[in-house]
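The values are calculated or read from the model by the stated rules, or taken from the named source; none is laboratory data. Just so you know, these numbers come straight off a predicted model, no measurement behind them. With ideal geometry, Cβ positions are generated from the backbone for all residues, glycine too; neighbour counts draw on all protein chains shown. Protein only, heavy atoms only, side chains kept; ligands, DNA and RNA dropped before computing areas. Shrake-Rupley method; radii C 1.70, N 1.55, O 1.52, S 1.80 Å.
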Amino acid sequence: MQIKTLFTLSIFVLMNASAFCQKADASKYADIVNSAALKKHLSILASDSLEGRETGTIGQRKAADYIKSQFKKIGLKAPENQNGYEQFFPLLKDSLIASSLTINGEDLLLGIDFYTPLSFNETNKIQADKIVFAGYGIDDRNYSDYTNLDVKGNVVLIFSGKPKKELSKNDNGETINWNFSTKLKTAFEKGAVGVLMVDPNADKISASTMTRNKKTNRYFPEFNAEKNEISNAVLSHQSGRKIVGDDFDNILQTATNGYSLTEIKKEWMMSLNYRFAINHDTLFASNVLGVIEGTDKKDEYVFLTAHYDHLGKKGDKVFNGADDDGSGTVAVIQMAAAFAKAKKEGNGPRRTVVFMTVSGEEKGLWGSEYYSDHPIYPLEKTTVDLNTDMIGRVDTERKKADTLNYVYVVGHDKISSELPIINEAANNNHTKLVLDYKFDDPNDPNRIYYRSDHYNFARKGVPVLFFYDGMLQGDYHKTTDDIEFINWPLFEKRAQMIFYTAWEIANRNEQLKRDKPLPTGTR
Ligand SMILES: [Zn+2]
């Protein structure tokens with residue numbers, strides 16, 4: 001009886017499976033994800049005319065327009081509750097309008113004697129009659145430059161860096177990171193009205209610092225912007241000398257050697273006038289989304305993502321980012337074409353498939369962060385995010401016989417136990433790549449799990465798989481990440497493998513189980 005029941009059951013399962021296969025066979029459509037089509041798109045996205053697709057620039061706009069035009073042509077819809085294919089997110093673009101610093105009636109020269117960092121300043125003017133020396137500006141359990149020091153209403157002069165010894169450790173045994181922003185916060189809490197900082201290792205204000213400071217501006221996602229509470233300037237050694245006098249070089253030597261500065265008690269009665277203006281512009285970057293509506297499970301979602309932004313250009317050198325992440329972007333476009341064709345022939349996915357190419361990735365995963373904090377579709381109904389960032393090349397560091405037949409898969413052992421089963425079956429049945437899980441090792445120092453857009457889905461509990469060719473050396477983030485180095489047969493095979501995986505997840509009966517803990521750790 002039992003055996004018989006089992007027997008009938010397995011026949012039933014078998015028939016069901018084969019009927020299902022006949023109804024919607026992914027391999028009928030996988031060919032649409034082919035080298036020629038991928039190459040056609042990539043030759044546009046990775047061309048010099050897109051200027052490296054830097055977030056917030058014209059190059060990024062051009063890339064977004066191209067992707068939109070392809071989504072339209074393929075027949076994808078824009079998300080219903082959104083005006084068009086793009087989800088815009090705000091960025092701040094700051095620039096210094098003017099800055100002047102006068103000490104004891106003497107004007108210091110911007111760019112030579114001092115500069116005004118954009119990242120921690122807001123338009124302000126301050127006036128003070130006293131400058132107080134506060135060592136490294138550190139107030140730590142074991143080492144404090146502020147012991148018996150009253151800085152209320154005064155400007156403090158500090159050195160960057162920290163003492164080599166003395167500082168206390170955190171729970172992991174690391175000394176606490178006293179960076180510029182922590183020091184500014186501390187000075188603010190102690191009641192100081194301004195901070196002048198001297199970098200012991202930078203005699204002069206360098207031209208590149210000024211270029212960075214004056215021309216490149218600051219792009220910052222508005223939703224992430226830090227609050228600036230205390231005005232500050234960075235001084236050259238010559239300017240430090242003007243304030244401190246003859247002792248400057250002794251103190252400098254002590255700081256350069258990383259010795260304690262707590263014994264040095266100094267203050268200078270001198271008038272200080274510091275005024276500067278910073279302009280904030282708000283720019284908008286975007287995520288581009290196209291949708292194929294599902295059939296009987298259309299309220300559940302499969303996401304296929306990649307980032308379309310890259311590093312822009314330096315002078316006349318363009319970072320074309322053919323692999324990073326032109327490859328993932330064009331793979332998403334062609335997977336969309338394949339699903340669209342299937343839909344046209346009555347084989348559309350059961351779940352809604354959302355094709356999303358994001359920007360801001362190279363700046364810090366901004367686009368996907370924004371999406372995951374402002375989701376258009378419920379994240380608990382988003383069954384998976386399959387993210388692709390660089391799948392077109394061969395890892396120069398991989399010394400194995402399978403260099404022309406592998407892909408790194410990251411995330412398979414997290415959030416859902418069903419991920420590896422589905423992904424491996426799709427691969428075994430069709431593409432037969434070597435799936436390499438080395439970057440899933442929690443001890444892997446590259447921390448790949450946290451370094452592309454899938455992370456922003458994972459942190460919200462959405463199961464993710466990330467596909468990646470392993471390029472970290474070689475041409476990674478260089479101007480030589482160009483289309484002529486793409487390995488087309490391998491690229492095609494990887495993209496098809498992702499397509500097969502997406503197809504299965506879009507058509508299976510159940511949403512992916514979320515039966516494993518969320519990854520610990522943060523970016
Ligand atoms: Zn990338």
Exercise. Going from most exposed to least, what order do R241, R398, R508 have by accessible area with a 1.4 Å probe?
Worked result: R241, R508, R398
Exercise. Using 7 Å Cα-to-Cβ label points, what is the N81/E189 separation (nm, one decimal)?
Worked result: 4.1 nm
Problem set entry | Antiparallel content of DSSP bridges confined to the chain, in %, to 5 | 55 percent
Exercise. Expressed in nm², what is the orientationally averaged projection area of the convex hull enclosing the Cα positions of segment 94-172?
Worked result: 7.8 nm²
For this session: Return a whole-number percent for the relative contact order of the chain, with Cα pairs under 8 Å and 6 or more residues apart as the contact set.
Result: 20 percent
Problem set entry | Exposure rank, largest accessible area first [H412, H454, H430; 1.4 Å] | H430, H412, H454
Problem set entry | Only Lys, Arg (+1) and Asp, Glu (-1) charged, at Cβ; segment 394-523 dipole about Cα centre in debye | 440 debye
Exercise. With r defined as the distance between the Cβ atoms of K399 and N201 and R0 fixed at 25 Å, what FRET efficiency is calculated, to the nearest 0.05?
Worked result: 0.05
For this session: Step through the table entries K165/K438; K343/K493; K162/K190; K313/K344; K68/K513, compare each Cα-Cα distance with 29 Å, and write down the pairs that go over it.
Result: K165/K438; K313/K344; K68/K513
Problem set entry | By accessible area with a 1.4 Å probe, ligands and nucleic acids excluded, highest first: order of M270, M356 | M270, M356
Problem set entry | Share of alpha-carbon pairs per 10 Å distance bin for the chain, given as whole % | 4, 17, 23, 19, 16, 12, 6, 2, 1, 0, 0
For this session: Could you name the aspartates and glutamates whose alpha carbon sits less than 18 Å from that of K152, not counting residues in the same chain fewer than 8 places away?
Result: D129, D139, E189, E229, E267
Exercise. Gain in length, E267 to E380, computed as 0.36 nm per residue apart minus the alpha-carbon separation, to one decimal in nm?
Worked result: 34.8 nm
Exercise. Considering only Cα-Cα distances, which of the following residue pairs are longer than 30 Å: K77/K314; K62/K381; K39/K516; K169/K516; K183/K266?
Worked result: K77/K314; K62/K381; K39/K516; K169/K516
Exercise. In deg cm²/dmol, rounded to 500, what helix-only [θ] at 222 nm does the chain give when every DSSP H run of at least 4 residues adds -39500 (n - 2.57) and the total is split over its residues?
Worked result: -8500 deg cm²/dmol
For this session: Rounded, prolate or oblate: pick one for segment 51-142, where a ≥ b ≥ c are the square roots of the eigenvalues of its C-alpha gyration tensor, a/c under 1.5 means rounded, and failing that, prolate if a/b is larger than b/c, else oblate.
Result: prolate
Seminar exercise, completed: Quick note, segment 248-293: a/c under 1.5 would make it rounded; otherwise a/b > b/c is prolate and the rest oblate (a ≥ b ≥ c, C-alpha gyration tensor); here it is oblate
Seminar exercise, completed: So, relative contact order of segment 18-177 in percent, Cα under 8 Å, 6 or more apart, is 10 percent
Exercise. In debye, nearest 20: dipole of the chain around its Cα centre with unit charges on the Cβ of K, R (+) and D, E (-)?
Worked result: 1020 debye
